Amino acid sequence: MTKRVVIIGAGAAGLIAAGRAAEVGAEVILLEKMAEAGKKILVSGQERCNITNSAPLEKFLEHYGRNGQFLRNAYHRFFRDELLALLARYGVETQEERGGRIFPASGKAEDVRDALLRYATTHGATLRYRTEVQRILVADGEVIGVQAQNGERIPAHAVILATGGAAWPATGSTGDGYRMAQELGHTIVPLRPALVPLTVAERTLAKALQGVSLRNVRCTFSMQKGAGPAKVLRIPYPMPPTGEMLFTHFGVSGPLILTASLAVVDALRDGAKVVLHIDLKPGMTEQEVHARLQREFEEHAQRLLSNQLKGWVPAALAEVLAGLSGVAADRPVHTIRAEERARIVARLKDFRWEITGSLPLASGMVTAGGVALKEVNPVSFESRLIRGLYIVGETLDIAADTGGFNLQAAFSSGYLAGEHAGSGGLRN
Ligand SMILES: Cc1cc2nc3c(=O)[nH]c(=O)nc-3n(C[C@H](O)[C@H](O)[C@H](O)COP(=O)(O)OP(=O)(O)OC[C@H]3O[C@@H](n4cnc5c(N)ncnc54)[C@H](O)[C@@H]3O)c2cc1C
């Protein structure tokens, strides 16, 4: 008898799962609530789709923080090379860019989505759009099918839950899978936004700097609980020593901020006060900044402070920095006293912002939290609670920083779940 596998969600994980389950001989029905498949793939990587990354396995796993080890088994079976070979078989050539990021050579996310669709349909998977699954049907601890929103019941020997997270709900990922898994007894680790812009207490100042982008700066965060000492906030993802950030009308964003955002969100949830420290001149010590500024002030004695600072920071920031240091921006630099110069130096090396929160979950690029990993088999992605139920992709408690890591997790988990669900699979 042919095994029937029903997959909920035609995103990255669901599409590849459908392809693999059909390839190993199962009858596959892929149910998608939107009118087309892979809407999140289409917006990924600024519509260019950063598929994966060339980092070696150990470095790769660091990008998932604490939960990276869960993926080790899966990556031994189906990792980047296998993924890229599969995509190449369906016509997607790829190229590597800065930071090991791998994109389709065409620069089109659509090509990745279409290749996965071809993989699934070539092997005979059936796709049904505009079909929203409401619940997973279970009898005696074993999956027996799913029920759609319109009441239709679709029987199945195995069900793969691939509904994604709750970020960017316009793509169809509205968090349905968390509810469905919870109804079956799964633990949902609290959902939080990751890769999300942060809000600051100094709103007026942020608004004045809106759109200003800082390159080659260092961002660190400190946290303080109650009257306790301030501590450096540990960021669980590899944080580049220097990089880029930008100001928005509500606060701060850009690569460095997004990478640190989940740790900041968690510290705030824990009741800590969090401060962002921007080192605008990370390549120089405070003494070196001091000495150079003093030399410049002597060489260009008549120059106004704001003009002098424009050589150090973007123009929009020059006046703000002078103001925050308590020195009028229109003063000729020869009138600036040593202690005033010291205040400017302190700002250049430690430009502080109090972080008040983040934009909501819907605005994050990824959802942190989700189905607890201890309840899922890391080889087959089968639930340890319900036989025949497989849980994959962002629905799991997995969230990485940027660089192609989130999609690789979705692809690997989807592929392996498809293989196990389609061919009989492991029993826990
Ligand atoms: C703007 C943006 C850019 C990104 N760029 C990158 C990038 O370049 N590289 C990278 O690695 N990661 C990137 N990510 C993250 C990455 O896209 C996701 O982590 C990944 O797509 C998750 O795959 P998934 O299959 O688990 O879920 P999704 O791709 O979200 O797919 C879930 C699917 O399930 C469907 N669905 C949901 N509920 C139901 C239901 N009840 N019934 C039927 N269908 C349902 C949804 O409509 C959707 O099609 C980006 C995310 C965003 C928001």
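Exposure check, 1.4 Å probe, all protein chains in place: Thr242 carries approximately 60 Å² of accessible surface. Would you mind getting me the FRET efficiency between Arg128 and Ala316? Use the beta-carbon distance for r and R0 = 56 Å, nearest 0.05. For Arg128 and Ala316, the calculated efficiency is 0.60.
Which aspartates and glutamates, if any, have their Cα less than 17 Å from the Cα of Lys3, not counting same-chain residues under 8 positions apart? Once the sequence-local aspartates and glutamates are set aside, what remains near Lys3 is Glu23, Glu27, Glu142, Glu382, Glu419.
Centre-to-centre separation between the Cα atoms of segment 216-255 and those of segment 125-185: 38 Å.
Farthest towards the positive end of the charge dipole of the chain, among the residues Leu359, Thr402, Ser222, is the Cα of Ser222, using unit charges on the Cβ of Lys, Arg, Asp and Glu. The ellipsoid equivalent to the alpha-carbon distribution of segment 52-205 has semi-axes of 30, 25, 18 angstrom, derived from the gyration tensor eigenvalues as √(5λ) and listed largest first.
The residue list His63, Asn377, Ser325 was ranked by how far each Cα lies along the charge dipole of the chain toward its positive end, using unit charges on Cβ atoms, and Ser325 comes out on top. Rolling a 1.4 Å probe across the protein heavy atoms gives segment 197-358 an accessible surface of 47 Å² per residue.
At full extension, Ala201 and Ala170 could sit 8.2 nm farther apart than now, given 0.36 nm per residue minus the alpha carbon distance.
Shown here for segment 349-428: trypsin sites (Lys or Arg not before Pro) in loop regions (DSSP other than H, G, I, E, B) with at most 12 other Cβ atoms within 10 Å, namely Arg427.
The long axis of helix 109-122 is offset from the longest Cα principal axis of the chain by roughly 10 degrees.
Mind ranking Thr395, Thr335, Thr356 by accessible surface for me, highest first, 1.4 Å probe?
Numbers: Thr395 0, Thr335 55, Thr356 75 Å².
So, going from the largest accessible area down, we get Thr356, Thr335, Thr395.
The slack between Thr285 and Thr242, meaning 0.36 nm per residue of separation minus the straight C-alpha distance, is 14.0 nm.
Kirkwood-type hydrodynamic radius, segment 197-358: 16.4 Å, calculated from all non-identical alpha-carbon pairs. The separation of segment 337-414 from segment 96-110, counted between C-alpha centres, amounts to 21 Å.
Note on the chain: Cα convex hull, mean projected area over all directions, 22.6 nm².
Quick one: helix 286-299 against the long Cα principal axis of the chain, what's the angle to the nearest 10°, folded into 0 to 90? Between helix and principal axis, roughly 50 degrees.
If you count the DSSP beta bridges with both ends in the chain, what percent of them are antiparallel, to the nearest 5? Of those bridges, close to 75 percent are antiparallel. Placing unit charges on the Cβ atoms only, positive for Lys and Arg and negative for Asp and Glu, gives the chain a dipole magnitude near 500 debye about its Cα centre. Ignoring lysines fewer than eight residues from Lys39 along the same chain, the ones with Cα atoms less than 21 angstrom from its Cα are Lys108. A simple spin-label model places the labels of Gln147 and Arg215 5.8 nm from each other, with each point 7 Å out along Cα-to-Cβ.
The dipole here belongs to segment 197-358: it is taken about the Cα centre, uses +1 on the Cβ of Lys and Arg and -1 on the Cβ of Asp and Glu, and is about 180 debye. Helices in the chain, meaning DSSP H runs of at least 4 residues, each add -39500 (n - 2.57). Divided by all residues, the mean residue ellipticity at 222 nm is -10000 deg cm²/dmol.
Simple rule: put +1 on each Lys or Arg Cβ and -1 on each Asp or Glu Cβ in segment 197-358, find the dipole, and look at His334, Pro255, Ala201; the Cα lying farthest toward the positive end is Ala201. Computed on protein heavy atoms with a 1.4 Å probe, the accessible areas place Tyr390, Tyr90 in the order Tyr90, Tyr390, largest first. The long axis of helix 315-324 is offset from the longest Cα principal axis of the chain by roughly 70 degrees.
The values are calculated or read from the model by the stated rules, or taken from the named source; none is laboratory data. All values reported here derive from a predicted model rather than from experimental measurement. As a convention, Cβ positions derive from the backbone with ideal geometry for all residues, glycine included, and neighbour counts pool all protein chains shown. SASA here: full protein model, heavy atoms, side chains in, ligands and nucleic acids out. Shrake-Rupley method; radii C 1.70, N 1.55, O 1.52, S 1.80 Å.
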